[in-house]
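Written out below as structure tokens is the structure these notes cover.
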Amino acid sequence: MKGTNLGEFEEIVLLTIAALVNDAYSVAICDELEKNTGRSVKLGVVHAVLNRLEEKGLVKSKLGEATSTRGGKRKRFYSVTSSGKAALLKAREVREQLWNRIPDFILKGAS
Amino acid sequence: MKASQPTPPKWAERLLCWYCRPAILEDLQGDLHEYFERNVKAKGVKRARLIYILDVIKFFRIYTVRKPEFINLLIHWIMLGSYIKTSGRNIVRNKLFSGINIIGLAISMSVGLLVIALVSDFRSYDDFHENKDRIYRVITAHQRQDGPPMNLATSSVLAGKRIKESVTGIEKVTLMRRGFGGDAKVGESVMPLSGIWADEAFFSIFTFPLIQGNPATALKDPYSLVLTETSARKLFGSENALGQSVKFDTINYIVTAVMKDIPRLSHMHFDVLVSFATVDLVKPDMDGGFMSWSNIYSNYTYILLPEHGDAQTVQASINKISTAENKALEDQRIDLNLQSLGEIPFNARLSNPIGLAMNGIALWILGGLAMIIIMSACFNYTNLSIARSLRRSREVGIRKVMGARKMHVLGQFIVEAVIIALLALLLSSGVFMLLRSSFLSMEPKLQTMLSLELSPRLVLQFMLLAITVGLLAGLPPAFFFARINIIKVLKDISSLQVFRHVNIRKALIVVQYTFSLIFITTTIIGYNQYKGLISYDLGFSTENIVNIKLAGGVKGDLLVKELKELPEVTDISRSLMVTSLGNIHGMQVKYKNDSSGVWLNLIDENYLPLHQHKFLAGRNLHAIAEGAEESEVVVNEQLLKRFDIAKRDPLKALGEELLVDTMRLTIVGVVKDFNYGTLESTIEPLIMRYASIQYYGNINLRVKTEDWPATFARINAIWQKLDKVHPMEAKFYSDQIQEAYNQFSVMVKVFGFLAFLAVCIASMGLLGMVVFATETRLKEVSIRKVLGASETKLVYMLSKGFIALLVIAACIALPATYFFFDKVVLVKFMYHPPMRVSELILGFFIVMLLALVMIGSQTLRAARTNPAEVLKNE
């Protein structure tokens with residue numbers, strides 16, 4: 001397995017999954033990312049990342065119920081696993097530490 | 001899903017299904033569909049579809065692609081034994097169907113095998129030359145301003161020499177000349193031999209291994225002679241031939257080498273080779289202008305390109321030579337082209353060929369016909385397999401329940417078809433062996449051209465054909481079975497839609513019968529036409545006439561004197577040529593100021609009465625003493641018409657003078673028009689002059705005998721007494737005419753055979769369908785019978801559908817054949833017997849009769865079954 005370090009985009013996707021709680025499937029994640037980051041996100045990229053996260057064991061997925069939309073195909077819902085949660089917390093901790101070390105005047109003026 | 005909603009393109013969805021891993025397929029499909037719906041709203045259906053397609057292609061990534069399932073292949077391998085076993089059981093269980101399939105495929109493939117063997121033989125022509133790929137022949141295209149173009153295998157000596165001197169990019173050039181021949185004398189023994197002149201580069205271009213002698217110098221000096229092993233043995237027996245001298249006419253040649261015999265599959269054949277240097281010394285101007293650019297009739301030029309040489313650049317430089325030389329020509333053009341060695345055996349349309357060749361188009365036609373027949377047999381297989389699928393679909397259902405995938409079912413049925421095809425191959429190889437000898441004996445030329453022997457490569461090609469046929473025949477039923485729905489099959493077998501494609505199958509039966517009818521009517525018409533051609537009233541009598549060819553050894557006078565002694569010979573005459581066989585002699589004739597080319601025959605005073613030519617006016621030619629002046633000529637009606645002599649009145653034309661060469665000849669007789677050439681050409685103006693035929697020409701005997709072999713033996717004895725060297729060539733006139741039209745007899749035989757096969761296959765297919773159709777309707781028949789239907793009614797009910805199909809086939813085939821003959825074939829013959837509609841109807845009745853016997857026997861059997869037996873089983 002590849003390194004367990006989270007990439008930047010992986011982290012955002014993981015956070016989005018966590019934020020969407022019970023409604024995290026590929027298209028919704030895409031939309032959410034587009035809404036929050038303001039940049040256009042391709043389905044293919046998200047798909048690849050989800051696949052990678054699942055390989056790393058950071059998320060798990062299960063198929064939902066079939067509906068009349070999507071050509072009758074079921075959605076695959078993702079949720080964050082405990083190791084996913086740990087990875088997120090760890091990433092956040094690293095950032096917090098770094099934030100804490102930055103003296104206030106350095107970032108003053110940036111809005 | 002609502003039907004009205006736009007959907008993404010089907011093929012893109014299928015592509016996705018095909019490549020995507022099953023684990024993530026559904027999710028991905030859903031996602032793409034959701035996006036598609038969104039795009040439909042935002043950007044319209046067309047854009048949405050395009051984006052969908054692009055997305056499907058974009059998602060082709062390592063993590064989405066399914067891994068090849070080795071396990072599947074492994075299962076195939078393990079199951080192969082089982083497939084073979086079940087196939088074997090099935091073949092044995094359904095003897096009728098397997099029999100129809102195997103025999104049908106076998107006889108159809110035998111034609112395919114023959115075509116493969118033929119093509120393979122022609123392709124392996126000249127394979128023994130090490131440089132086969134690099135050897136080219138220079139051929140000539142001659143175009144006169146007011147004439148048809150002529151293509152010749154020969155070229156001028158000048159062309160050969162020019163190419164040798166000035167064209168770069170050629171490794172070797174050899175010049176050859178045709179027409180060497182005569183009686184070779186060694187001491188007392190005489191042997192007629194023929195061959196070609198060739199220069200010293202000959203052996204470095206062609207691979208003809210020498211047994212004795214040096215290939216580099218064997219053809220260098222004038223009067224050098226190279227013998228083949230056989231001709232050396234004929235001339236010298238077991239003695240050493242090298243260095244001996246052989247005399248042709250008055251010239252002595254020295255044997256400088258002995259070469260191995262030429263393999264049969266060589267495009268050129270000869271008994272001897274003579275050094276080209278001899279030509280210059282012996283008779284350089286025998287046909288005028290030895291070094292003339294337009295003397296294109298006697299010489300062959302072969303070139304050898306260097307390795308990786310380019311034929312096109314050589315062709316370009318040759319074109320420059322022709323352009324320069326053509327400037328000096330008036331009203332004509334001579335172009336030189338390169339022909340590779342591999343093309344030679346497939347091009348029979350060149351004049352002055354060095355050896356025999358096959359018409360490439362004829363091979364294609366034969367191949368096409370073989371394809372039609374094979375496809376017909378394949379279709380039988382497909383049709384019968386699907387028709388009896390009711391019995392096997394349960395087996396497939398259970399296999400599927402046990403875990404067989406589509407692939408496995410496909411594999412099983414294809415294996416079965418291939419096994420049947422291979423069994424058929426065994427049978428058809430036997431048929432091929434029988435066919436081979438009768439095919440070769442159809443035309444004497446074929447025997448010298450072809451071997452058709454089995455080689456490992458040929459056997460491999462046969463196997464390939466069988467496997468291809470198996471795949472072709474097996475794929476449609478295999479797909480049919482692979483798609484079977486398990487639940488339907490196991491729950492209620494009758495719900496299976498066997499007759500879904502029933503119209504296609506009916507159409508195919510019509511196609512089969514159309515071809516059968518076309519083949520069989522073509523054969524009947526062709527046979528009648530051929531019979532008509534050889535018994536056509538040529539305008540003179542050919543009955544009981546034997547023609548003996550003078551070979552140059554005996555003087556005609558002597559022979560005639562001896563032959564007159566025979567009591568069986570009632571009449572005897574001499575002529576330059578035998579007419580109506582396709583040979584033509586011609587010369588220029590002038591009447592007043594009008595000059596024209598006319599046909600010619602040289603005859604003696606007995607010729608016209610012997611052949612019973614009808615005189616419209618005047619009398620026969622008088623004999624002329626040797627050395628006396630020639631003054632008389634007999635002409636035909638067409639000549640009067642051509643020159644408009646005396647307003648075409650034969651009586652008044654007598655006494656008119658024609659200028660022939662420098663002689664003034666008086667018309668003393670006018671004969672009724674007769675067919676001088678073959679029946680393919682129109683009757684043209686003709687003159688007949690008196691000549692004393694001595695060493696070349698023909699002796700015509702009218703023979704009256706009960707015992708032809710004894711008479712022949714007596715004539716032969718006289719010949720042998722006078723000429724010990726040459727065997728006698730004596731033939732009945734009627735046989736000679738038959739030979740002249742032999743190509744048509746060959747065509748009729750080929751078509752007859754194909755017709756036989758087509759009818760066999762179509763009949764078997766029909767039989768299978770009828771058996772199946774009556775079996776499935778047995779219950780219906782029984783109930784009808786119980787309710788009071790008569791046997792005839794039942795037979796009518798069961799067979800009317802099939803008979804309707806046959807009638808449709810006849811409606812297509814008969815007019816098609818009629819127009820084919822009327823507009824394409826028979827226009828080639830100026831004179832032919834009329835085509836009769838009864839011939840078409842006869843063909844139709846033959847086919848109908850066969851079909852009716854088959855339909856009738858099966859339907860009658862069904863109609864006669866005891867209804868109690870059938871209905872009891874319910």
Please return the ranges of strands (runs of 3 or more DSSP E) entirely within the range B:126-219 where 1 or more residues are touching an Asp or Glu at 6+ places or on another chain (Cβ under 7 Å).
B:135-144, B:172-186, B:189-198, B:210-212
Being basic (Lys, Arg), over 30 Å from B:Pro6 (Cα atoms), outside any loop (DSSP other than H, G, I, E, B) and without any contact (Cβ under 8 Å) to a residue 12 or more places away in the chain narrows it down to one residue among B:Lys85, B:Lys41; which is it?
B:Lys85
For the range B:291-347, give me each residue that is assigned to a helix (DSSP H, G or I), farther than 30 Å from B:Leu446 by Cα and not hydroxyl-bearing (Ser, Thr, Tyr).
B:Ala311, B:Gln312, B:Val314, B:Gln315, B:Ala316, B:Ile318, B:Asn319, B:Lys320, B:Ile321, B:Ala324, B:Glu325, B:Asn326
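Is it the case, given these coordinates, that B:Ser245 is within 30 Å of B:Arg134 (Cα to Cα) and in the same structural domain as B:Arg137 (by TED's automatic domain parsing)?
The answer is no for B:Ser245.
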Residues B:Ile103, B:Ile71, B:Ile75: which one is more than 14 Å from chain A (Cβ to nearest Cβ), at pLDDT 80 or above and part of a helix (DSSP H, G or I)?
B:Ile103
Within the range B:722-777, restricting to residues that are hydroxyl-bearing (Ser, Thr, Tyr), crowded, with 19+ Cβ neighbours inside 10 Å and more than 30 Å from B:Gly556 (Cα to Cα), the one that is farthest from the chain's Cα centre (by Cα) is B:Thr774
Condition first: out of contact with any His (no Cβ under 8 Å at 6 or more places or on another chain) and under 21 Å from A:Leu63 (Cα atoms). Can you find one or more residues in the range B:66-85 that meet it?
yes
Being touching a Gly at 6+ places or on another chain (Cβ under 8 Å) and among the aliphatic types (A, V, I, L, M) is the requirement here; does B:Ala404 meet it?
no
Of the residues in the range A:25-74, how many are within 17 Å of A:Leu15 (Cβ to Cβ) and among the acidic types (Asp, Glu)?
4
Close pairs from the range A:58-82: first part of a helix (DSSP H, G or I), partner buried (at least 18 other Cβ atoms within 10 Å of the Cβ) and at pLDDT 80 or above, Cβ under 6 Å, at least 6 apart:
A:Arg70/B:Gly30; A:Arg70/B:His33; A:Arg70/B:Glu34; A:Gly71/B:His33
Filter the range A:1-54 down to residues that are assigned to a helix (DSSP H, G or I), within 13 Å of chain B (Cβ to nearest Cβ) and of a type outside the set (Lys, Arg), then give me how many there are.
18
From B:Phe540, B:Phe480, grab the single residue that is in a helix (DSSP H, G or I), of a type in the set (Phe, Trp, Tyr), in contact with a helix residue (DSSP H, G or I) (Cβ under 9 Å, 6 or more places away or on another chain) and not assigned by TED's automatic domain parsing to the domain that holds B:Met728.
B:Phe480
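One line per residue, one yes/no per condition, for (1) within 20 Å of B:Gln638 (Cα to Cα); (2) crowded, with 16+ Cβ neighbours inside 10 Å:
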position	(1), (2)
B:Ile504	no, no
B:Ile518	no, yes
B:Ile534	no, yes
B:Leu559	no, yes
B:Ser580	yes, yes
B:Ile584	yes, no
B:Ser595	yes, no
B:Glu605	no, no
B:Leu610	no, yes
Qualifying helices (runs of 4 or more DSSP H) (wholly inside the range B:766-874; at least 1 residues being polar (S, T, N, Q) and over 21 Å from B:Thr522 (Cα atoms)):
B:778-786, B:791-819, B:837-864
Residue that is nearest to the other protein chains (Cβ to nearest Cβ), among those in the range A:55-91 that are loosely packed, with under 13 Cβ neighbours inside 10 Å, within 17 Å of the chain's Cα centre (by Cα) and not hydrophobic (A, V, I, L, M, F, W, C)
A:Glu55
Looking at the range B:29-52 only, could you name the residues that are facing chain A (nearest Cβ under 10 Å) and out of contact with any helix residue (DSSP H, G or I) (no Cβ under 7 Å at 6 or more places or on another chain)?
B:Glu37, B:Arg38
Quick check: is even one residue across the range B:711-730 part of a strand (DSSP E or B) and assigned by TED's automatic domain parsing to the domain that holds B:Pro567?
yes
Could you tell me whether the range B:419-435 includes any residue that is touching a Leu at 6+ places or on another chain (Cβ under 9 Å), more than 30 Å from B:Met747 (Cα to Cα) and in a helix (DSSP H, G or I)?
yes
Filter result for B:Val111 (within 14 Å of chain A (Cβ to nearest Cβ), in contact (Cβ under 8 Å) with a residue 12 or more places away in the chain and in a helix (DSSP H, G or I))
no
Just to be sure before I move on: is B:Ala417 surrounded by 15 or more Cβ atoms within 10 Å (Cβ to Cβ) and at pLDDT 90 or above in the structure I sent?
yes
Scope the range A:81-111; condition touching a strand residue (DSSP E or B) at 6+ places or on another chain (Cβ under 6 Å) and not small (Gly, Ala, Ser); matching residues
A:Thr81
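Determine whether the range B:781-798 contains at least one residue that is of a type in the set (D, E, K, R), crowded, with 19+ Cβ neighbours inside 10 Å and either at pLDDT 85 or above or within 30 Å of B:Asn583 (Cβ to Cβ) (or both).
Scanning the range B:781-798, I find at least one residue that is of a type in the set (D, E, K, R), crowded, with 19+ Cβ neighbours inside 10 Å and either at pLDDT 85 or above or within 30 Å of B:Asn583 (Cβ to Cβ) (or both), so the answer is yes.
The values are calculated or read from the model by the stated rules, or taken from the named source; none is laboratory data. All figures in this text were calculated on a predicted structure; none of them were measured in a lab. Using ideal geometry, Cβ is built from the backbone for each residue, glycine included, and neighbour counts are taken over all protein chains shown.
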